[in-house]
Amino acid sequence: MKRAERRIEIRLPTRRSEPESIVAHLGPTNSGKTYEALRFLAETGRGVYAGPLRMLAQEAHRRLAGELGAERVGLVTGEERVNERAPILCCTVEMAPSAGEVLVLDEVQWADDEERGAAWTRLMLSGEYRHLRILGALDALPLVERAFPGIELRIFERKLPLEWVGERALRALEPGTVVVAFSRKAVLALAGEVHRLHPDRVAVLYGAMPLASRREEIDRFLHRQADVCVATDVLGHGVNLPCETVLFAETTKFDGEQRRDLVPWELAQIAGRAGRFGLVERGHVGVLVGLGWAKADPELVRGALEPHVLLPHGHHAYRVVDEARIGPRLADLNVDDPRDLDAALAAWHRVATRQWAHESWLAVESLAPIRGRLAVVQRHLAGRGRRLSLADTWTLVNAPIDEDAAEILGILALAVAGDRSQRPVLQWLLDVSRLRDASLEQAEEAGRLAGILRWFALQFEGVGGVTIERAAALEEAAAARVVARLKVEVGAGTIGRCRSCGSSCAPWFPLCDRCARG
């Protein structure tokens, strides 16, 4: 470790020349901050929109292409490349070019994300752009003022006020309502209950759905083909779903470690979707009642409708975001052998933590995810006696893959290393015919895998027979199967119903309390 630490070179990313203008657009959801920044980008005619999620990049692409023409706007994410030489690009943050005319950097509060925040920090510190537009929640005001002393601030207010409407029962749901719960099973159970009252008039949204199936459900709701949408907190993370009313069916969620109450900023991010500017005078927020297993704390929701944390200049927010994360680049690690990467990453973290302790607005990102992916890659390579170059290893361990899907990375690493026995496995995974009778869960998993394979095809073209065309076809087939199975699952209404007596029960249990007691 000591030897590894001596090899580490810590360097902050820097820019050669300062931007001509740096403007922060800060405000809540439905305040117009993104609209104004995209209008500036469109008027300038050259530049980049960079957001945290593929769906946000796609949404910006659709909006700008519709205004300027498809030939002038491109889309670049980890999973797709569309017209990537266009004068205006819509990207996920990690894929944003390092230089250009205008940079619209969205959701700047993500700079404090312990796993991905370094991508925002890199663009803030070193992006060679003539004009920067920094967008985000007002919570990030301390961060942007630390990163850019003297920055021009434009504070945006909601275009429509939020009105507390209290408790609403299932039978009282009106068109344009979104009901929010915090697990896939809870959403499906609620959708089944809504379907009983409004047959075939309910849309569903949750994180495991492929993007194309999410888009189809969103369009059904926006075009009034569905009266009610039941969604998880994906509603607060990249899904632009303007509605008239948001009702919380739950106010607790499992965060990977424990079940806890939602904090005010999480509730506010979701509640802020209420209100259709130009269609209604205000957005309505409340809680759903009437189901024994779904409980929401009305005071928790009501208290989150107004921010209470005092910020500089007399502004109020829901929390204070005053740090940005920084992470290692391969050049910082000073290694030649991929087998030394893990020790080098650990050493970098120790050195960086010591060196930046005095930088009040910089914090070191968590390296547990990348070291976990590295362990998977090295274990698979060692098991088959294969090796990879340093560059290929670094590319693979930076793949956009969650921890629970990391094992596919081992298969991909072996394919890159020339192990031909992985090709039949990958060909089977790409075979859309296997989805013909797939369950909802199997189709969701296929959609997630398709996104990974799309990324792989763009990084390692043709390796293992994986092409962007076949991966895209798998994603399309998975999305279609998810939509088809959702209609069956929601229509059957068996999730959240006791298997013995058919009464309502918690969707994570097969029997109601009475039948369970015998």
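Could you please state, rounded to a whole Å, how far the C-alpha centre of segment 253-325 is from the C-alpha centre of segment 423-493? Cα centres, segment 253-325 to segment 423-493: 34 Å. Taking the Cβ of Gly150 as the centre, find all other residues whose Cβ is under 15 Å away and add up their charges (Lys, Arg: +1; Asp, Glu: -1). That sum, taken over residues with Cβ under 15 Å, equals -2. Looking at segment 361-470, the GluC sites (Glu not before Pro) that sit in a DSSP loop and have at most 16 other Cβ atoms within 10 Å of their own Cβ are Glu461. Based on the convex hull around the alpha carbon atoms, segment 438-500 presents an average projected area of 4.9 nm².
Each helix, a run of at least 4 DSSP H residues, gives -39500 (n - 2.57); summed and divided by the residues of the chain, these come to -12000 deg cm²/dmol at 222 nm. Each distinct pair of alpha carbons in segment 277-358 adds a 1/r term; the inverse of their mean, the Kirkwood radius, is 18.6 Å. Two tests apply to each whole DSSP H helix in the chain, Cα reach of 30 Å or more along its axis and mean Kyte-Doolittle hydropathy of at least -0.5, and the ones passing both are 468-492.
Restricting the calculation to alpha carbons of segment 82-125 gives Rg and Dmax of 11.1, 32 angstrom. For Phe248, the residues whose modelled amide H falls within less than 5 Å of its own, excluding neighbours fewer than 5 places apart on the same chain, are Val180, Gly286, Val287, Leu288. Average accessible surface for segment 384-518: 50 Å² per residue, computed with a 1.4 Å probe over protein heavy atoms with every protein chain in place.
Here segment 165-298 exposes an accessible surface that is 48 percent carbon and sulfur, computed with a 1.4 Å probe and the other protein chains kept in place. Could you tell me whether segment 172-233 comes out rounded, prolate or oblate from its Cα gyration tensor? Rule is a ≥ b ≥ c as square roots of the eigenvalues, rounded for a/c under 1.5, then prolate if a/b exceeds b/c, otherwise oblate. Taking the square roots of the gyration eigenvalues as a ≥ b ≥ c, segment 172-233 is oblate.
Which one, Leu190, Tyr129, Leu262, is farthest towards the positive end of the dipole of the chain when Lys and Arg carry +1 and Asp and Glu -1 on their Cβ? The Cα lying farthest towards the positive end belongs to Leu190.
Structural descriptor for the chain: relative contact order 16 percent, calculated from alpha carbon pairs under 8 angstrom and at least 6 residues apart. Extension gain for the segment Arg7 to Ile151, taken as residue separation times 0.36 nm less the Cα-Cα distance, is 48.2 nm to one decimal. Between amide H atoms placed 1.01 Å from N, distances below 5 Å from Leu362 occur with Ala324, all of them 5 or more places distant or on a separate chain.
Rounded to the nearest whole Hz, the Karplus-based 3J(HN,Hα) values (6.51 cos²θ - 1.76 cosθ + 1.60, θ = phi - 60°) of segment 310-324 follow the sequence 7, 10, x, 6, x, 7, 10, 9, 9, 6, 10, 10, 10, 10, 10, with x at glycine and proline. Straightening the chain between His315 and Glu128 buys 64.3 nm, computed as 0.36 nm per residue apart minus the Cα-Cα spacing. Our estimate of slack between Ala516 and Arg171, defined as 0.36 nm per intervening residue step minus the Cα-Cα distance, is 121.4 nm.
Using the Kirkwood radius built from alpha carbon pairs, what does the Stokes-Einstein equation give as D for segment 156-286 at 20 °C and 1.002 mPa s, in µm² per second? So the translational diffusion coefficient is about 145 µm²/s. Based on the alpha-carbon gyration tensor of segment 1-74 and its eigenvalue square roots a ≥ b ≥ c, which shape applies: rounded if a/c is under 1.5, prolate if not and a/b is larger than b/c, or oblate? Because a/c hits 1.5 or more and a/b exceeds b/c, segment 1-74 counts as prolate. Kirkwood hydrodynamic radius computed over segment 210-285 comes to 13.5 Å, based on all pairs of distinct alpha carbons. Rounded, prolate or oblate: pick one for the chain, where a ≥ b ≥ c are the square roots of the eigenvalues of its C-alpha gyration tensor, a/c under 1.5 means rounded, and failing that, prolate if a/b is larger than b/c, else oblate. Here the chain falls in the oblate category. Mean sequence separation of contacting Cα pairs (under 8 Å, at least six apart), scaled by the length of segment 103-199, corresponds to a relative contact order of 23 percent.
When Rg and the Kirkwood Rh are both derived from Cα coordinates, the Rg/Rh ratio for segment 1-143 amounts to 1.01.
Segment 119-192 and segment 384-419 have their alpha-carbon centroids 35 Å apart.
The values are calculated or read from the model by the stated rules, or taken from the named source; none is laboratory data. These numbers were taken from a predicted model, which means no experiment stands behind them. Note: ideal-geometry Cβ built from the backbone for every residue, glycine included; neighbour counts use all protein chains shown. Remember, those area values only see protein heavy atoms, side chains included, never the ligands or the DNA or RNA. Shrake-Rupley method; radii C 1.70, N 1.55, O 1.52, S 1.80 Å.
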